[in-house]
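Trainee: Okay, handing you the structure first.
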Amino acid sequence: MLHIMNHAAFDSAPVDRLLSRIGEGHTLMLIENGVYMVKRGSVAAERLERSLSDLTVCVLAPDLAARGITAAEVMARVTVVDFGGFVDLAVDNAVIHSWI
Amino acid sequence: MTGPTKKKFLFVMQEAPHGSCYAQEALDLLLTTAAFGQEVSVLLLDDGVFLIKKGQQPDRIDSKEIAPVFLSFEIYDVRRVIVEQESLHERGLDQKDLLLPVETIPRCRIGALIACHDRVVNS
């Protein structure tokens, strides 16, 4: 299953709530302001890092670039995808949910 | 008749750039206020600190440039850009990640800072 998140959360409670709702083996796709969550050293990145054994985290490259987050600033073990990669994820996952 | 009085304005910005139009509209209002000779300061809280993150390339998502507006503040006599320390740290950011020199203050002093202005505009 594919989960899409387009906004960022930096307080631990909303990040934990999101991660608790994502099942094992699922993929989390971060787009728009959601990409801020993979910024190395942020509270959100620390929480995401602890969940990486259970889920795959993908982030949209153009949204990172627009917000000035360089490849070096992206936390480890995150997959950076372009628009085409995002389309592939949407095609490969029968069930998709966008968190608002 | 008396001339226009000068007031101390504080613009509190809490939203990230590019995801919404909040920042663009707040900056339009801010520059207009400054152009009318008012004393204008800016306070960046929460995701608002991302407004002045270095290296933004908004053309990658066909979005408008926002960061350069902050670099034009000097021309408009906007002298104080204040950033909350905790907001930076929670987001993995440091002064060196920012486009311009700013004053940083701790969260516990935000209330007192806001209170010493005549008008507060939030976005």
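Trainee: Are there GluC sites (Glu not before Pro) in the stretch A:7-100 that DSSP puts in a loop and that have at most 15 other Cβ atoms within 10 Å, and which ones?
Mentor: A:E24
Trainee: Taking loop as defined by DSSP and a crowding limit of 14 other beta carbons within 10 Å, which trypsin sites (Lys or Arg not before Pro) in chain A fit?
Mentor: Counting only loop positions with at most 14 other Cβ atoms within 10 Å, the trypsin sites (Lys or Arg not before Pro) in chain A are A:R77.
Trainee: Averaged over peptide A:37-49, how many Cβ atoms belonging to another chain are found within 10 Å of each residue's Cβ?
Mentor: 2
Trainee: Per-residue ellipticity at 222 nm for the protein assembly as shown, helices alone: DSSP H runs ≥ 4 residues times -39500 (n - 2.57), over residue total, nearest 500 deg cm²/dmol?
Mentor: -8000 deg cm²/dmol
Trainee: Roughly how many Å is it from the Cα centre of the stretch B:108-123 to that of the stretch B:5-68, as a whole number?
Mentor: Here the two parts' Cα centres lie 16 Å apart.
Trainee: Percent antiparallel among DSSP beta bridges with both residues in the protein assembly as shown, to the nearest 5?
Mentor: For the protein assembly as shown, the DSSP antiparallel bridge percentage is about 10.
Trainee: Taking the beta-carbon count within 10 Å as an exposure proxy, list B:V42, A:V78, A:V43, B:V120 from fewest neighbours to most.
Mentor: B:V120, A:V43, A:V78, B:V42
Trainee: Excluding residues on the same chain fewer than 8 positions from B:K96, give the lysines whose Cα lies under 23 Å from its Cα.
Mentor: Straight-line reach from B:K96, under 23 Å: A:K39, B:K53, B:K54.
Trainee: Right, next: What does the charge count near A:G85 come to, summing +1 for each Lys or Arg and -1 for each Asp or Glu among other residues with Cβ under 14 Å from its Cβ?
Mentor: -4
Trainee: For helix B:22-35, report the angle its Cα long axis makes with the longest principal axis of the Cα atoms of chain B; keep it between 0 and 90° and round to the nearest 10°.
Mentor: Result, in degrees: 40.
A short reminder: the numbers here are calculations on the coordinates, not readings from a lab. Because the structure is predicted, anything quoted here is derived from the model rather than measured. Neighbour counts run over all protein chains shown; Cβ positions are idealised from the backbone, glycine included.
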